Amino acid sequence: MSEIIPVAFSARWRTPVCFVQKRKVKRISGPADAIRHMRDCFIDKSGPAYSRAVDICFAALRCETDPDIARVFFLAAFEDQLAKAHRHR
């Protein structure tokens with residue numbers, strides 16, 4: 001027998017993450033947006049910060065953790081990407 005897993009695709013953070021990318025303001029409002037952004041825009045998808053952020057964002061979508069906890073992990077992965085991009089310049 002199958003188990004139904006609730007998924008909160010509409011989960012939102014209390015405070016969105018906003019930054020400028022290609023001269024446009026990019027707004028990440030919750031874990032689903034964060035997962036899309038990490039998969040589409042992050043260059044290095046192999047580091048521990050990236051892996052943890054993806055895992056925690058999925059956990060937030062499955063209602064296993066608070067979405068704002070996922071925000072903290074997304075920010076850590078985002079900062080890690082910025083540091084790696086800066087080192088490769």
Just one of the numbered conditions (1) of a type in the set (S, T, N, Q); (2) surrounded by 12 or more Cβ atoms within 10 Å (Cβ to Cβ); (3) farther than 15 Å from PHE73 by Cα is not true of SER2; which one?
(2)
List every residue pair whose Cβ atoms sit under 6 Å apart, with the two residues 6 or more apart in sequence or on different chains, where the first one lies in region 13-27 and is touching a residue at least 60 places away in the same chain (Cβ under 8 Å) and closer than 18 Å to ARG71 by Cα and the second, anywhere, is part of a strand (DSSP E or B) and not acidic (Asp, Glu).
VAL17/ILE28
Scanning region 62-76 for residues that are closer than 16 Å to CYS18 by Cβ and buried (at least 19 other Cβ atoms within 10 Å of the Cβ) gives ARG71, PHE74
Which of the following residues is touching a helix residue (DSSP H, G or I) at 6+ places or on another chain (Cβ under 9 Å), over 14 Å from GLU79 (Cα atoms) and among the hydrophobic types (A, V, I, L, M, F, W, C): ALA49, ALA53, ALA34, ALA11?
ALA11
Within region 73-89, tally of residues that are touching a residue at least 40 places away in the same chain (Cβ under 8 Å) and either under 13 Å from ALA53 (Cβ atoms) or in contact with a strand residue (DSSP E or B) (Cβ under 8 Å, 6 or more places away or on another chain) (or both):
3
With ILE28, ILE35, ILE4 as the choices, which residue is at pLDDT below 95 and hydrophobic (A, V, I, L, M, F, W, C)?
ILE4
Regarding ILE43, is this residue at pLDDT 95 or above and among the β-branched types (Val, Ile, Thr)?
no
Only residues that are surrounded by fewer than 14 Cβ atoms within 10 Å (Cβ to Cβ), of a type outside the set (Asp, Glu) and either touching a residue at least 12 places away in the same chain (Cβ under 8 Å) or not in a helix (DSSP H, G or I) (or both): list them for region 40-61, please.
CYS41, ILE43, LYS45, SER46
All positions within region 8-30 that are touching a Leu at 6+ places or on another chain (Cβ under 9 Å), in a loop (DSSP other than H, G, I, E, B) and surrounded by 13 or more Cβ atoms within 10 Å (Cβ to Cβ):
ALA8, ALA11, GLY30
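The values are calculated or read from the model by the stated rules, or taken from the named source; none is laboratory data. Please read these numbers as outputs of a predicted model, since none were measured by experiment. Please note: Cβ atoms are built from the backbone with ideal geometry, for glycine as well, and neighbour counts cover all protein chains shown.
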